[in-house]
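Chemist: Structure in structure tokens, see below.
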Amino acid sequence: MFTIDKDSKIPFHEQIETGIREMIKEEAYRNGKLLPTEMELAKHLEVSRATIRQAITRLVNQGLLTRKKGSGTRVANQIIEGSGRKWKSFSQEMKSLGIEVGNFELHLLKEISPEYVSDFFQTSNKTMILQLKRLRGNIEEPFVYFISYFNPKLKLTGNENYNQPLYQIIEECSGSIASKSEEKIYAINANEMLAKKLNVKPNTALLKRVRKVYDQNNQPIEYNVGYYRSDKFTYTIFFDKPHTTSN
């Protein structure tokens, strides 16, 4: 079991939260093993039960743990949640949830772009465009299949190391910084190809997310299509009520 640094400036509950995050990555906990009780953790770490409860409650609220009276605390059957308030890349979404990204397939090719992609980049329909196809998820299983098209003005060759963060590659190669995205979400049924890649039955409901990415100069840099398993991914949209003046 993990320990905490009593001399650190980091609050105990934050250290405990970090420790539990690491602990629940173990296969035994992923397979349903109960976490130590609050009393056991408090005794081992020499802190109050209230401090333990604060850390566990935060992880429950984040969807990483489930807690049931009389049954104990377990790792949640995790559903990944995207947010419509602040755009993040897939890797950033996973990092914010404490999930290690798994890459299962990566293919690069150059083909004549589809018309809707050419329209977005304002290029000729005969332009050869670099495509990146990736099957991704957590380290246990894939749950999303991405197809990315890149603006030929970025001068990407396909020889870059695409195991690195995508927008880091784009910035280093072209100076373009991914700054804004426009997104649309659709409900579709899995065809044979998607069903095989995502390990679901044909016609299973999927979420299709189309993402148009722009740089700091509002120039289009990427057209991305992601196909998500709907049992593993949800998308939350936040709305702020506009301020109005009443008479």
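The values are calculated or read from the model by the stated rules, or taken from the named source; none is laboratory data. A quick note: this is a predicted structure, and the numbers were derived from the prediction, not measured. Cβ atoms come from the backbone with ideal geometry, glycine included; neighbour counts cover every protein chain shown.
Chemist: Please go through segment 172-185 and give me each residue that is within 22 Å of Leu207 (Cβ to Cβ) and surrounded by 11 or more Cβ atoms within 10 Å (Cβ to Cβ), ordered by number.
Modeler: Ala178, Lys180, Ser181, Glu182, Glu183, Ile185, listed by residue number.
Chemist: Another question about this same structure. Would you be able to say whether some residue in segment 134-148 is in contact with a His (Cβ under 6 Å, 6 or more places away or on another chain) and either surrounded by fewer than 19 Cβ atoms within 10 Å (Cβ to Cβ) or at pLDDT 95 or above (or both)?
Modeler: Looking for residues that are in contact with a His (Cβ under 6 Å, 6 or more places away or on another chain) and either surrounded by fewer than 19 Cβ atoms within 10 Å (Cβ to Cβ) or at pLDDT 95 or above (or both), one finds none in segment 134-148, hence no.
Chemist: Any residue in segment 142-157 that's part of a strand (DSSP E or B): show its pairings with residues that are of a type in the set (Ser, Thr, Tyr) at Cβ separation under 7 Å, as long as the two are six or more apart or on different chains.
Modeler: Correct list of pairs: Phe143/Tyr228; Val144/Tyr227; Val144/Tyr228; Tyr145/Tyr227; Tyr149/Ser113; Tyr149/Tyr223.
Chemist: If Met94 passes every condition in (1) of a type in the set (A, V, I, L, M); (2) in contact with a Ser or Thr (Cβ under 9 Å, 6 or more places away or on another chain); (3) at pLDDT below 90 but one, which one does it miss?
Modeler: (2)
Chemist: Within segment 178-193, does at least one residue satisfy the condition of being assigned by TED's automatic domain parsing to the domain that holds Phe120, modelled with pLDDT of 95 or more, in a helix (DSSP H, G or I) and more than 18 Å from Phe90 (Cβ to Cβ)?
Modeler: yes
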